[in-house]
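The values are calculated or read from the model by the stated rules, or taken from the named source; none is laboratory data. Fair warning: this is a prediction, and the values are worked out from it, not measured in the lab. We place every Cβ from the backbone using ideal geometry, glycine too, and count neighbours over all the protein chains shown.
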There are 2 protein chains.
Amino acid sequence: MQSKKFSIGIDIGGTNTTFGIVNRKGEVVFQATLATAQYPGPEELLRSVHQHLSASIQQLGIAEFIGLGIGAPGANYYTGEITAAANLKWTLPVALQQIASSIFALPCTITNDAKAATIGEMTYGAAKGMKDFFLITLGTGVGSGFVAKGQLIYGHDGFAGELGHSIAIENGRECGCGRKGCLERYASASGMVLTAMEELDRQKNSQGHLARILKQKGSFTAHDIYTAATQGDPAALQTFELTGKVLGLSLANAVSIMSPQAIVFFGGPSRSGKLLLDPVKKHLEANLLSIYQDKVAVIESLLPQNDAAIIGAGALAWEKIR
Amino acid sequence: MQSKKFSIGIDIGGTNTTFGIVNRKGEVVFQATLATAQYPGPEELLRSVHQHLSASIQQLGIAEFIGLGIGAPGANYYTGEITAAANLKWTLPVALQQIASSIFALPCTITNDAKAATIGEMTYGAAKGMKDFFLITLGTGVGSGFVAKGQLIYGHDGFAGELGHSIAIENGRECGCGRKGCLERYASASGMVLTAMEELDRQKNSQGHLARILKQKGSFTAHDIYTAATQGDPAALQTFELTGKVLGLSLANAVSIMSPQAIVFFGGPSRSGKLLLDPVKKHLEANLLSIYQDKVAVIESLLPQNDAAIIGAGALAWEKIR
């Protein structure tokens, strides 16, 4: 018998807010997107989400929601608040959980986007059935979620899981956080672009795909690096190698703390597949103590890329009632 | 009403095996030590421990034991076995838990020494009442235990918690594990001696305490570095500074994963107090993302140094029945 219960998942980003209705199996039965910055604050944004959903709920004939999950930058699982978030133009702090609960008249759970994705991956994705794993999200930044004994690690204050801001290279590239050498400045999409620029500088007479794009357009993206690498461009291939090197070392050190059975990669650059994951795996293994070697799977997310944020946020609500 | 129940704690080391009887409050009511290498294997060793304890138990009039905890190098909590341990001369693997259970006719829990110390610290020591903290043991090596939500992290295979073998310095000092730059090669007692030797080399005409000891004896210990530092020897002070620098960075990166409320230091070099913990704290803070700054306490163990191993092992047994 199929359950008729549903959850609502909302993923608030700096640019877009995506929301939808998720069933117990992690399938998105409805989804829509609003432009976050069109609304002066979270209350107006969530009222609009509520109105859009109400119409669809009636149409779909859904009777029962078990709850609402929200993934948002800087959202704190314990306090229900956002106190700091570089990407949101709201007046902070914001009592997001309280506002959402009252607008939707549903129990609400909030956490940051990477943690929501981690819960989603554990509930429906590549980490289904795993008790100890890491999720690494690669995109504008580098997010992370760490699971031990089947439980997401929140830390004493809810702020655990910022591997993107661990120091990967001492006195390395400057980071927006005010420090130097954060992993994020090497392994994010923009970090990979910086690495590729350095490689082109080094290979001065490159005739490869990337060099041509740079000449034509004056810049390139992480996706261009991927395309160039598939065509055998040495600068692009070396960029994946170096990105894997930095990620591999940081992850090896994290493995020595938590000994997970897998590291799941989610987001844009990780869709490059073996181009990225092979160098990550190679450098991970090279930096691991022997007791950890050949034990940690390095795999891609199994969540559908476009729905993953909603699925993750929706899974948060199910997580709460387990 | 005071509980009349007790546990037995056994700490097996390469040199000595210390064992004792621990009450519910974490007090050691009896303890003794045997030379590990005098016995050909674990069975003979544990039979001897059992005989020594039996006499004392009768004398003390103890009626009820809830269990037995053993801390030993390489001991795996999940499998009950030791499969690898550089310091033990036994034929491995050894089914330690099974052997001990049968000799003592008691439920037995085993784990490695650093994890036993972590459980001890959480049950009776500086981390009492804490749900999220790290324990770092400094001695011949660097051991570690990580606690999240009040639970020790074992990892998927029981081998979590080897921060001493995370890579602190890329292509750094050679380590006995076959790799280079492990934290242990900098922050252990012998690592500190290497750092001090390098410092004396750098400060060629040092007239300090350490230089004099080196001239007289041809070598010095971590304790000599401590003594020299209390006398203001620049090479010794710089050794603490550099040790704190390496530890501070490694720990900052670990904090970005788990956001603990405290890091507890246990063992020889950490008894140097502020000489070590002040530089650790300084470099920890300097490498932390702002959301973690000024939140993580850096403190010394509160377990009595000589009984700590037995208390930790004994606490393992209580942990099991909680």
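Some observations on this one:
- Against the numbered list (1) within 14 Å of chain A (Cβ to nearest Cβ); (2) buried (at least 24 other Cβ atoms within 10 Å of the Cβ); (3) among the small types (Gly, Ala, Ser), residue B:116 comes up short only at (1).
- Any hit, segment A:34-46, residues being within 17 Å of residue A:314 (Cα to Cα) and in contact (Cβ under 8 Å) with a residue 24 or more places away in the chain: yes
- Every residue from segment B:189-206 that is under 27 Å from the mean Cα position of the chain (by Cα) and farther than 22 Å from residue B:271 by Cα: B:198
- Close pairs (7 angstrom Cβ cut-off, 6 or more residues apart or separate chains): more than 8 Å from chain B (Cβ to nearest Cβ) and outside any strand (DSSP E or B) in segment A:250-266, among the aromatic types (Phe, Trp, Tyr) and surrounded by fewer than 24 Cβ atoms within 10 Å (Cβ to Cβ) anywhere: A:255/A:292
- Candidates A:119, A:103, A:110, filtered to the one that is touching an Asp or Glu at 6+ places or on another chain (Cβ under 7 Å) and in contact (Cβ under 8 Å) with a residue 40 or more places away in the chain: A:119
- Look at (1) within 16 Å of residue A:110 (Cα to Cα); (2) at pLDDT 95 or above and you find that residue A:34 fails only one, number (1).
- Residues in segment B:73-98 that are of a type in the set (A, V, I, L, M, F, W, C), in a loop (DSSP other than H, G, I, E, B) and more than 20 Å from the chain's Cα centre (by Cα): B:90, B:92, B:95.
Residues checked against (1) more than 14 Å from every other protein chain (Cβ to nearest Cβ); (2) part of a strand (DSSP E or B); (3) modelled with pLDDT under 85:
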residue	(1), (2), (3)
B:270	yes, no, yes
B:276	yes, no, no
B:280	yes, no, no
B:284	no, no, no
B:291	no, no, no
B:302	yes, no, no
B:306	yes, no, yes
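- Residue match in segment B:158-174 (condition: within 7 Å of another protein chain (Cβ to nearest Cβ), over 23 Å from residue B:283 (Cβ atoms), touching a Phe, Trp or Tyr at 6+ places or on another chain (Cβ under 9 Å) and not charged (D, E, K, R)): yes
To keep it simple, each residue is scored yes or no on (1) crowded, with 24+ Cβ neighbours inside 10 Å; (2) within 28 Å of residue A:50 (Cβ to Cβ).
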residue: A:102; (1), (2): no, yes
residue: A:121; (1), (2): yes, yes
residue: A:127; (1), (2): yes, no
residue: A:142; (1), (2): yes, no
residue: A:159; (1), (2): no, no
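- Selection status of residue A:228, modelled with pLDDT of 95 or more, of a type in the set (A, V, I, L, M, F, W, C) and under 30 Å from residue B:161 (Cβ atoms): no
- For the residues B:149, B:215, the requirement of being out of contact with any Gly (no Cβ under 7 Å at 6 or more places or on another chain), in the same structural domain as residue B:279 (by TED's automatic domain parsing) and at pLDDT below 95 singles out B:215.
- Among the residues making up segment B:144-157, a single one is among the polar types (S, T, N, Q) and surrounded by fewer than 23 Cβ atoms within 10 Å (Cβ to Cβ): B:151.
- Residues being closer than 21 Å to residue B:155 by Cβ, in a helix (DSSP H, G or I) and not basic (Lys, Arg) - total across segment B:99-118: 5
- The residue that is farthest from the other protein chains (Cβ to nearest Cβ), among those in segment A:130-145 that are hydrophobic (A, V, I, L, M, F, W, C) and out of contact with any helix residue (DSSP H, G or I) (no Cβ under 6 Å at 6 or more places or on another chain), is A:136.
- Restricting segment B:237-277 to residues that are over 20 Å from residue A:256 (Cα atoms) and touching a Gly at 6+ places or on another chain (Cβ under 7 Å) leaves a set whose member that is surrounded by the fewest Cβ atoms within 10 Å (Cβ to Cβ) is B:268.
- Residues satisfying the stated conditions in segment B:82-108, i.e. touching a Pro at 6+ places or on another chain (Cβ under 9 Å) and under 19 Å from residue B:319 (Cα atoms): B:96, B:100, B:101
- Residues being under 19 Å from the mean Cα position of the chain (by Cα) and among the small types (Gly, Ala, Ser) - total across segment B:207-265: 6
- If you filter segment A:290-302 down to residues that are surrounded by fewer than 21 Cβ atoms within 10 Å (Cβ to Cβ) and hydrophobic (A, V, I, L, M, F, W, C), you find that the one that is farthest from the chain's Cα centre (by Cα) is A:291.
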